[in-house]
Amino acid sequence: MRRVAAERAKRLLIRSFLAPQSSSVVSSPSSFLSSSSAAAMSTASTPVVSLDSINPKVLKCEYAVRGEIVSHAQLLQDDLKAKPGHHPFDEILYCNIGNPQSLGQQPVTFFREVLALCDHPSILDRDEIHGLFSADAIARAWDILDVIPGRATGAYSHSQGIKGLREAIAAGIASRDGYPCNADDIFLTDGASPAVHMMMQLLISSEKDGILCPIPQYPLYSASIALHGGSLVPYYLDETSGWGLEISELKKQLEDARSKGITVRSLVVINPGNPTGQVLAEENQRQIIEFCKKESLVLLADEVYQENIYVGDKKFNSLKKIARSMGLGDKDISLVSFQSVSKGYYGECGKRGGYMEVTGFSADVREQIYKVASVNLCSNISGQILASLVMNPPKPGDESYESFTAERDGILLSLARRAKALEDAFNNLEGVTCNKAEGAMYLFPRIHLPKKAIEAAEAANSVPDTFYARRLLEATGIVVVPGSGFGQVPGTWHVRFTILPQEDKIPAIISRFKAFHESFMEEFRD
């Protein structure tokens, strides 16, 4: 019986393997592995993150200063190394960004001496130190180290910045303006940009919140507003009056925004102007302050170029100084001022130092600003130290004073000469008009492009001033930023051109630009 049962079972087993499998039969191990691999491959072929899935605010954000033209320039720079002599130029000249030391400007000796001593304090105890560093740099380093907990420049600090350094900055502001400054109003940041982002986070809650921004404007503002989901409310500077800021234009744009249901929260003022280089007159500043007070707007004052003034009939006055001179205090106007170690005569872009002075906000709102600052723990300590030095440079009687003033004045006077040389060169070209650079680090010439050039740009699916800038780069190696990246009156075209290449290179830059522009205008002559 056992043998019969065994034979029967054997026949049934063989029959089951030979019979066709129905859809209800469980797959064999090999077919299961095969289907699993196919599923994995299908999943792998679909990106986890794509342009369709990322935050649309990131897609909306643009920053032309490091945009398409700069990316192309970097490729050309690599090509120059790989194929010397392959292009009609032998170097890329980055005239697109305010980055002075990248173009040959030397750091200020006093600032770097103090930084070196603070970062390596053990050398302060060596006998030979007095032969290597100035006495006032040594004394300043000791003063700074004494206010840093544990004298540890590699440690986190208070989220607003080291208190003693904030006190030094507040003293510098008070000396500059002639009015008191409270160290608790100072928030030290990694350059001015994080401070701007912080204020946009505070002020913008939806696309119905608007920020009045100058056009042309520094793209940090349009980018930050886009990232935080707000609406940029443009007000146009008047190119025909030297990029003047007209209160009538502010009123017009404010009323237009409000009619569309936008709550305008603040007004951005850039003084001296970027990219336009104008310096605001005192009377104009008073009008701006009165406008903000009347319309209950937070005044955001970008004053990072306050040391860069090139004309004798203008001088820098902070908007806070003007407000205080009008008798307005914290209860009258909310005002945030931005400063950076990246600009001026110091040009310490890579050190990432800066601050914002926050006045006219209630205690509970200030707590929220501090909370946002705390998320980033603190700004870097070298940048904090530099910000305190920039606002408190050597004074008469200090050992470094004469050498410091010689360095500072040499840089600023050279920048003024470069600005004038480029301005004159632009204005001598066919189809180019350029306002005077009263301050900052840029010229913003208008290029009156021929109709054929505009049509050629459209055929190449390019914005006309981007088309011009790309052709300029490919012919000369000169990198500029198209005016469309800053905003401009529709139908006008510009480029932003820094005045930062070293003075001995300016004649060659002018020569290259002139030859290109004349050839371009001839090629596309109507």
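Give segment 322-363 a look and list any residue that's assigned to a loop (DSSP other than H, G, I, E, B), closer than 30 Å to Leu413 by Cβ and over 13 Å from the mean Cα position of the chain (by Cα), or say none. Spell out the reasoning first.
Residues of segment 322-363 assigned to a loop (DSSP other than H, G, I, E, B): 326-334, 341-348, 352-353, 360-362.
Pick out the ones that are also closer than 30 Å to Leu413 by Cβ and you get 341-348, 352-353.
Gly344, Tyr345, Tyr346, Gly347, Glu348, listed by residue number.
Going through segment 383-406 one residue at a time, which ones are part of a helix (DSSP H, G or I) and buried (at least 19 other Cβ atoms within 10 Å of the Cβ)? Talk me through it step by step, then tell me what you get.
Initial filter on segment 383-406 (part of a helix (DSSP H, G or I)): 383-390, 401-406.
Those that are part of a helix (DSSP H, G or I) and buried (at least 19 other Cβ atoms within 10 Å of the Cβ): Gly383, Gln384, Ile385, Leu386, Ala387, Ser388, Leu389, Val390, Phe404.
Residues checked against (1) on the phi < 0 side of the Ramachandran plot; (2) of a type in the set (D, E, K, R); (3) exposed (fewer than 14 other Cβ atoms within 10 Å of the Cβ); (4) touching a helix residue (DSSP H, G or I) at 6+ places or on another chain (Cβ under 9 Å):
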| site | (1), (2), (3), (4) |
| --- | --- |
| His72 | yes, no, no, yes |
| Phe89 | yes, no, no, yes |
| Val114 | yes, no, no, yes |
| Asp127 | yes, yes, yes, no |
| Val147 | yes, no, no, yes |
| Ala152 | yes, no, yes, yes |
| Lys163 | yes, yes, no, yes |
*asked:* Show the residue pairs meeting these rules: Cβ distance below 9 Å; 6+ apart or different chains; first residue within segment 232-245 and hydroxyl-bearing (Ser, Thr, Tyr); second residue loosely packed, with under 15 Cβ neighbours inside 10 Å and in a helix (DSSP H, G or I).
replied: Tyr235/Lys252
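With the requirement that a residue be open to solvent by 80 Å² or more (accessible area, probe 1.4 Å) and either part of a loop (DSSP other than H, G, I, E, B) or hydrophobic (A, V, I, L, M, F, W, C) (or both), what does segment 129-141 give you? I'd like the intermediate steps shown before the answer.
Our first condition is that a residue be open to solvent by 80 Å² or more (accessible area, probe 1.4 Å); within segment 129-141, this holds for 130, 132.
Leu132, the sole residue that qualifies.
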*Taking segment 445-469 on its own, how many of its residues are outside any loop (DSSP other than H, G, I, E, B), open to solvent by 40 Å² or more (accessible area, probe 1.4 Å) and out of contact with any helix residue (DSSP H, G or I) (no Cβ under 6 Å at 6 or more places or on another chain)?*
6
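Is there a residue in segment 187-205 that is open to solvent by 60 Å² or more (accessible area, probe 1.4 Å) and farther than 27 Å from Cys118 by Cβ? Talk me through it step by step, then tell me what you get.
So in segment 187-205, the residues open to solvent by 60 Å² or more (accessible area, probe 1.4 Å) come out as 201, 205.
From the residues that got through so far, the ones that are farther than 27 Å from Cys118 by Cβ too are 201, 205.
Checked against the condition, which is being open to solvent by 60 Å² or more (accessible area, probe 1.4 Å) and farther than 27 Å from Cys118 by Cβ, segment 187-205 yields at least one hit.
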*Tell me, yes or no, whether segment 85-106 has at least one residue that is among the polar types (S, T, N, Q), part of a helix (DSSP H, G or I) and under 20 Å from Arg496 (Cβ atoms).*
yes
*Answer yes or no as to whether Tyr221 is open to solvent by less than 40 Å² (accessible area, probe 1.4 Å) and over 18 Å from the mean Cα position of the chain (by Cα).*
no
_Restricting to segment 320-371, name every residue that is surrounded by fewer than 16 Cβ atoms within 10 Å (Cβ to Cβ) and of a type in the set (A, V, I, L, M)._
Met326, Ala363, Val365
_Qualifying residue in segment 480-491 (condition: open to solvent by 20 Å² or more (accessible area, probe 1.4 Å) and at pLDDT 95 or above)_ = no
_So, in segment 284-310, exactly how many residues are under 14 Å from Lys320 (Cα atoms), among the acidic types (Asp, Glu) and either open to solvent by 10 Å² or more (accessible area, probe 1.4 Å) or without any contact (Cβ under 8 Å) to a residue 12 or more places away in the chain (or both)?_
2
_What's the number of the only condition in (1) closer than 26 Å to Lys315 by Cα; (2) open to solvent by 10 Å² or more (accessible area, probe 1.4 Å); (3) of a type in the set (Phe, Trp, Tyr) that Tyr442 fails to meet?_
(2)
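What residue, among those in segment 268-309 that are charged (D, E, K, R) and part of a loop (DSSP other than H, G, I, E, B), is nearest to Gly244 (Cα to Cα)?
Filtering segment 268-309 for residues charged (D, E, K, R) gives 282-283, 286, 290, 293-295, 302-303, 307.
After this cut, where a residue has to be part of a loop (DSSP other than H, G, I, E, B) as well, the list is 303, 307.
On the way: Glu303: 17, Glu307: 20 Å.
The selected residue is Glu303.
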*Tally time: how many residues in segment 407-422 are more than 24 Å from the chain's Cα centre (by Cα) and crowded, with 18+ Cβ neighbours inside 10 Å?*
1
*For the subset of segment 225-236 comprising residues that are of a type outside the set (Gly, Ala, Ser) and open to solvent by less than 10 Å² (accessible area, probe 1.4 Å), which member is nearest to Ile211 (Cα to Cα)?*
Val233
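Taking the condition of being surrounded by fewer than 19 Cβ atoms within 10 Å (Cβ to Cβ) and closer than 14 Å to Val268 by Cβ, how many residues in segment 206-218 meet it? Break it down stepwise before answering.
Looking only at segment 206-218, we keep the residues that are surrounded by fewer than 19 Cβ atoms within 10 Å (Cβ to Cβ), and these are 206-208, 215.
Remaining after also requiring closer than 14 Å to Val268 by Cβ: 215.
So the answer is 1.
Could you please find all residues in segment 237-281 being among the β-branched types (Val, Ile, Thr), more than 20 Å from Met199 (Cα to Cα) and surrounded by 17 or more Cβ atoms within 10 Å (Cβ to Cβ)? Break it down stepwise before answering.
Taking segment 237-281 and keeping what is among the β-branched types (Val, Ile, Thr), we get 240, 247, 262-264, 268-270, 276, 279.
This time we only want the ones that are more than 20 Å from Met199 (Cα to Cα), so: 240, 247, 276, 279.
Across segment 237-281, the qualifying residues are Thr276, Val279.
The values are calculated or read from the model by the stated rules, or taken from the named source; none is laboratory data. This one's a predicted model, so the numbers in the text were calculated from it and none came from an experiment. Glycine also receives a Cβ, built like all others from the backbone with ideal geometry; neighbour counts cover every protein chain displayed. Keep in mind that these areas ignore ligands, DNA and RNA; they rest on the heavy atoms of the full protein, side chains included. Shrake-Rupley method; radii C 1.70, N 1.55, O 1.52, S 1.80 Å.
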